[in-house]
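The structure appears below as structure tokens.
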Amino acid sequence: MTETMVGVIGVDTHRDTHTAAALTGTGGVLAERRESADSGGFRRLYDFGVEYLPDARRWAIEGTGSYGAGLTRFLVEQGEEVVEVERPKRPARRSHAKSDELDAIRAARQALADDGLSNPKQGSAREALRVLLATRKGALSARVEAINLLKGLIVTAPEEIRDQLRGLSTRRQVAVCAKFRARPSGDVAMNATVQAMRSAASRIVDLDSEARCLESTIAKIVDDTGTNLTALPGIGPISAARVIVAWSHPGRFRSEAAFAALAGVSPIEASSGQTTRHRLNRGGDRLLNAAIHTIVLVRLRADPETKAYAARRTLQGKSSREIRRCLKRYVARQLHRHLTAHPPAT
């Protein structure tokens with residue numbers, strides 16, 4: 001906290017309302033306020049902060065990328081200092097006392113202690129990639145469900161239909177089922193099965209097309225950011241987009257180690273007895289972790305330097321899991337340094 005900082009406004013965010021608590025620099029509660037989560041409520045919360053902390057203040061907000069996104073954008077536009085806090089720690093008591101006001105106060109005190117803070121994510125390109133990635137993920141999940149449905153229909157279909165699909169790949173099965181047509185002379189069960197299979201196959205085709213269209217748009221936005229991440233080995237547009245969304249902007253992370261911790265690739269001591277070893281951190285941003293995992297797998301398969309490193313470490317007695325852990329930590333370091341030198345254009 002800066003030397004001129006005299007207090008913090010903690011905000012507990014929800015879909016319909018936000019609850020704020022103004023605290024002095026020593027943690028004393030000045031006032032509390034609950035407002036609606038809309039433009040009018042954002043303005044009233046801002047006026048509330050100015051009223052009780054007129055000289056200097058910091059806003060500590062939960063969920064700056066979800067329920068608190070609108071308030072965060074509004075406050076940043078007003079030139080306010082905003083930090084994101086983790087979910088407030090619950091009190092160690094049997095009653096588990098909890099209310100929106102208490103959560104707002106805990107958020108403010110967490111900011112006063114500089115405990116678990118990070119800068120909110122910024123940038124229109126980052127936000128565009130975030131929503132497109134989420135939509136693509138939904139399309140792919142729906143595609144998997146549709147494929148499972150089609151496979152189940154094939155298992156229970158009449159033998160006449162199963163004979164046409166036996167031995168074909170999933171892609172060919174989808175193509176064949178998409179061309180099925182009901183037969184005027186067929187019985188009700190046969191025609192119903194044909195219609196269901198054609199519907200599931202058409203859904204798969206549509207979702208495939210939607211996912212490819214979204215990936216094309218994501219790739220274009222990634223290129224427009226100027227990070228040139230896809231020039232690094234093993235990084236495609238989807239992995240690059242996930243990295244950009246998590247990294248956000250210069251200054252969000254205090255250090256390269258903080259970025260590695262967010263990615264869940266910082267080593268954790270797991271020694272026991274005479275065995276000295278480390279394991280991966282299973283916390284952090286799991287989408288970013290998945291992107292780094294994908295990058296490592298691609299490099300192990302196609303990058304000569306990575307393959308040589310893995311071979312050397314294997315001769316030293318390292319397991320494949322330990323080698324991947326080391327590679328993930330290296331990739332996180334490389335990504336942070338690359339983005340520090342080539343930050344994404346907003």
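Quick check, is R279 at pLDDT below 95 and either within 30 Å of A142 (Cβ to Cβ) or touching a helix residue (DSSP H, G or I) at 6+ places or on another chain (Cβ under 6 Å) (or both)? Considered against the rule, which asks whether it is at pLDDT below 95 and either within 30 Å of A142 (Cβ to Cβ) or touching a helix residue (DSSP H, G or I) at 6+ places or on another chain (Cβ under 6 Å) (or both), R279 comes out as no.
In the stretch 228-250, which residue that is more than 25 Å from V83 (Cα to Cα) and hydroxyl-bearing (S, T, Y) is surrounded by the most Cβ atoms within 10 Å (Cβ to Cβ)? Among them, the one singled out is S239.
If you go through the stretch 18-71 and keep only what is among the charged types (D, E, K, R), outside any loop (DSSP other than H, G, I, E, B) and surrounded by fewer than 21 Cβ atoms within 10 Å (Cβ to Cβ), you end up with E32, R34, E35, R43, R44, D47, E51. Pull up the stretch 72-111, narrow it to residues that are among the small types (G, A, S) and surrounded by fewer than 22 Cβ atoms within 10 Å (Cβ to Cβ), then point me to the one that is modelled with the highest pLDDT. Among residues in the stretch 72-111 that are among the small types (G, A, S) and surrounded by fewer than 22 Cβ atoms within 10 Å (Cβ to Cβ), the one modelled with the highest pLDDT is G79.
The values are calculated or read from the model by the stated rules, or taken from the named source; none is laboratory data. Keep in mind that what you see is a predicted model, and the values were worked out from it rather than measured. With ideal geometry, Cβ positions are generated from the backbone for all residues, glycine too; neighbour counts draw on all protein chains shown.
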